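Written out below as structure tokens is the structure these notes cover.
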Amino acid sequence: MPSNTIEDYKDKNNYYSSLSDTHYAMIIRDGVYYQRRWQVGLNGVETNVEEMKVDYVLGSGDEARSYLHRTSRDTLIELPLGWYSERGGYWALSPGFDSKHPQTRRSVSYECTFCHTGYPQLSAQTMSQTVDPVFTGKLAEGIDCQRCHGPGGQHVRVAESPNPTLAEFKKTIVNPAKLEPKRQLEVCMQCHLEPTSGHLPSIIRKFDRDPYSYIPGQPLEDFTRYFDYPEGKGYDDRFQIVSAAYRLRKSRCFLESNDKMTCLNCHDPHRVLPAGQEAVKFYASACRKCHEPALAEKVSAGKHTASVKCVSCHMAKRRTEDVVHVIITDHLIQRKPPNRNLLAELTELHVPEDAEYHGEVIPYYPAQPTPTSENTLYRSVAQVLLQNNLAKGVEELSRQMAQNPPLHPEFYTTLGDAWANTGEMKKSADAYGQALHLDGDSLVALSGLARVQLKQGDVARARETLDRALHKAPLDPNILYQYGLLEAQSGKREEALVQLQKALEINPDLPEGYFNLANLLVQTGKAQEAEPLLARALIVDPYDAAAYDLSGQVRAMKQDTVAALYNFQKAVHLRPGYPPYLYDHALALVQAGQYDEAKTQVQAAIQADPSYAEAREVLGALYVREKRPELAISEYRQAIAIRPGMMRVHLNLGLLLYSQGNRTEAIEHLRIAATDSNPVVAGQASQALQRLGVQ
């Protein structure tokens, strides 16, 4: 990397995200590159500090660069901070990270590396032995000739053989220039076609194809299916980072070329893209190959400028909507560009789930696939994969699979996921079972089936299913983690601790792993052992409100009120309006003697959840302290109405009612409290009854 470093790692190498209140820095230490992330915590001290080695750099730097870290398990993680060449170059967050709760363990999939590297040396076993994408061995550092010319092994062997003929030599390699225009364009589209980066399953690799099995010259639809939004849904003019082929295909020039126009009309893949005045002349000459006669006539008639800057007018540069720090050429060839500032600054858009597109997902490439049962199945898969058209899609997919049962298990795991997302657990379990009938080693199906069985309350069968999964993959951290959660839900806390610890030993970056392990330790009375785990949980994910809340509880147990309040404040900030965190914060404020703020927090908890009985109990106690007995009695009564078995509330309500002269009702509540299994509550109630002369 040092030979082509263009980023600033020494002076302007820091970045602060106000949305997530997080600092980043890119540093070099002993010739090794790292990305550092931290926050400013209690008393201004750095906290949640994490450094990750930069193992791979994505991008030439012409527009942007991203950075990858290889984990101890040979998985790849995309790091949050990226480099952008605009305005002389600067650091900013990569797409999706500029939010209040950015991912810190964004996994790099096989599909990601398909377009960004040469082919990795992975076996089918490597790709199927775990749910996670694992990259064993050294990764190719860049795209090589095989991306466009196909596998080159035989080509080299023939070239090295004695006296090879030219005909033999040519047969061993794909020459895109010899392909028909449609197949030639597909060579480029294998990486440069993405209908959208939005919440839509726009690219679905066929279930029977390995991630790196496409060979140039093959029909692209035999490898991948592409899907899109219907027209008129507000997405027609979207402009995104991987938009070149998609936008080109919308152009009149392309549509009227009868599939003869390809990327090679304007681009030579074997040479560096021209720049400056050379680029102006180069691309103008490409346009004039088709438009010269008509253009000359328009110029002579005064209907067109004599300028040769075709691209600047008809393929204007625009800022992309999904990577807001990048400006690239719009490949939609237009007579006139949109009449607005196409380079204006944009803010990264984070669409809430309820505002995402929900409706039909339509085929894009091929736009009108042959009406086969397979094509119909993939169309239905597209409806349910990201739940865009779930209710209608799952019924249609189920019906189609019943009529023409597919032979690949992934259709059934997809159906199982879809039924689970609709709440139909029995149908989901049946679908996973069908997947296992086709492939008994499928960890995806075993994991999904166990998850559904647990939701059905069938703990015994869920355990059997996970035992089966562990037999197939005893070191898979996801299965071990799932097993740990099952044991915890079953009340087997010690067994759960063992499984979760194993999972974290194998995968130290397991999402929520440290929190769940710490939570179990707190439940088993080992709060001190939970502290370092919670610290690690917040290093892995500094935006985990649950980890902050549990940290607050642990600190409160130690009477460390200042630290407890800090953690509860962070939890409430990260998940505002969540009743349990507001309640925990209120309790800590009471402990700190900050009664007014405690009242504000507990009232917010009740407003968010009027049935929160414990919060009403605390509010009642605060009203007692304020000497407002009528309001306190009201809160206590509402708490008991919600949860009649709250014996401590019966006790306090009885005492309060007696103080207000309501002896009859006071005795009623004190008698109930006297039956409590808690000897303290029962004893206090019995003593109060004795003082009232009640047996």
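Taking amide H atoms as placed 1.01 Å from N in the peptide plane, the amide H of residue 364 lies under 5 Å from those of 226, 227, 228, each 5 or more residues away in sequence or on another chain.
Give me the lysines in straight-line cross-link reach of residue 570: C-alpha distance below 29 Å, same-chain residues under 8 apart excluded. Partners found: 53, 100, 526, 558, 599.
Centroid-to-centroid, using Cα positions, region 302-316 and region 400-471 are 58 Å apart. Put +1 on the Cβ of each Lys and Arg and -1 on the Cβ of each Asp and Glu in the chain; which of 219, 31, 287 then has its Cα farthest toward the positive end of the dipole? Looking along the dipole axis, the top candidate is 287. State whether region 130-200 is rounded, prolate or oblate according to the following rule on the C-alpha gyration tensor (a ≥ b ≥ c being the square roots of its eigenvalues): a/c under 1.5 gives rounded; otherwise a/b larger than b/c gives prolate, and the remaining case gives oblate. Cα axes put region 130-200 in the oblate bin. Sequentially through region 224-235, phi angles give Karplus couplings (6.51, -1.76, 1.60; θ = phi - 60°) of 9, 10, 10, 9, 8, 6, x, 5, x, 9, x, 10 Hz, Gly and Pro residues having no value and appearing as x. At a Förster radius of 25 Å, what calculated FRET efficiency corresponds to the Cβ-Cβ distance of residue 292 and residue 250, to the nearest 0.05? Calculated transfer efficiency: 0.55. Working note: Karplus 6.51/-1.76/1.60 with θ = phi - 60° gives region 139-147 the couplings 8, 5, 9, x, 7, 10, 4, 5, 4 Hz, where Gly and Pro are set to x. Under 28 Å of direct C-alpha separation, and excluding same-chain neighbours fewer than eight residues apart, residue 455 reaches these lysines: 392, 426, 427, 472, 492, 502. Ellipticity at 222 nm from helices only: DSSP H runs of n ≥ 4 in the chain, each -39500 (n - 2.57), divided by the residue count, give -14500 deg cm²/dmol. Using the Cβ-Cβ distance between residue 344 and residue 367 with R0 set to 30 Å, the FRET efficiency works out to roughly 0.40.
Around the amide H of residue 33, modelled in the peptide plane, lie the amide H atoms of 54, all under 5 Å away and 5 or more residues distant in sequence or on another chain.
Summarising the amide proton neighbourhood of residue 317: residues at separation of 5 or more, or on other chains, whose placed amide H is nearer than 5 Å comprise 330. Structural size metrics of region 179-355, computed from C-alpha coordinates, are Rg and Dmax of 18.0, 58 Å. Along each principal axis, taking the top coordinate minus the bottom one, the Cα set of the chain gives 111, 58, 55 Å in descending order. Ordered by the number of other Cβ atoms lying within 10 Å of each residue's own Cβ, fewest first, 50, 345 fall into the sequence 345, 50. Here is the list for region 214-320: trypsin sites (Lys or Arg not before Pro) lying in DSSP coil, each with at most 14 other C-beta atoms within 10 angstrom of its C-beta, are 233, 260, 271, 303, 309. Name the helices (complete DSSP H segments) of the chain with a Cα length along the long axis of 27 Å or more and a Kyte-Doolittle mean of at least -0.5, or state none. Helices passing the filter in the chain: 276-300.
Shown here for region 626-695: GluC sites (Glu not before Pro) in loop regions (DSSP other than H, G, I, E, B) with at most 10 other Cβ atoms within 10 Å, of which there are none. The relative contact order of region 179-355 comes to 22 percent, based on Cα pairs under 8 Å that sit 6 or more residues apart. Listed by Cβ neighbour count within 10 Å, with the fewest neighbours leading, 168, 46, 194, 186 appear as 46, 168, 194, 186. Give me the orientation-averaged projected area of the Cα convex hull of region 411-485, in nm², one decimal. The directionally averaged projection comes out at 4.3 nm². Cross-link partners of residue 309 among lysines, defined as those whose alpha carbon lies under 19 angstrom from its own and excluding same-chain residues fewer than eight positions apart: 281, 289, 298, 317, 336.
Relative contact order, whole percent, for the chain stands at 7, derived from Cα pairs under 8 Å and 6 or more residues apart.
Between 117, 571, 445, the Cα set farthest toward the positive side of the dipole of the chain (charges on each charged residue's Cβ, about the Cα centre) is that of 117. With θ taken as phi - 60° and the Karplus curve 6.51 cos²θ - 1.76 cosθ + 1.60 applied, the whole-hertz 3J(HN,Hα) list for region 354-366 is 6, 9, 5, 5, 10, x, 5, 9, 10, x, 10, 9, x Hz, x standing for glycine and proline.
Across region 94-245, C-alpha contacts under 8 Å between residues 6 or more apart give a mean separation that, scaled by the residue count, equals a relative contact order of 20 percent.
Every read-out reported here was derived from the displayed coordinates using simple, explicitly stated rules and does not represent laboratory data. Nothing here was measured: the structure is a model prediction, and the numbers come from that model. Cβ: placed from backbone, ideal geometry, glycine included. Neighbour counts: every protein chain shown.
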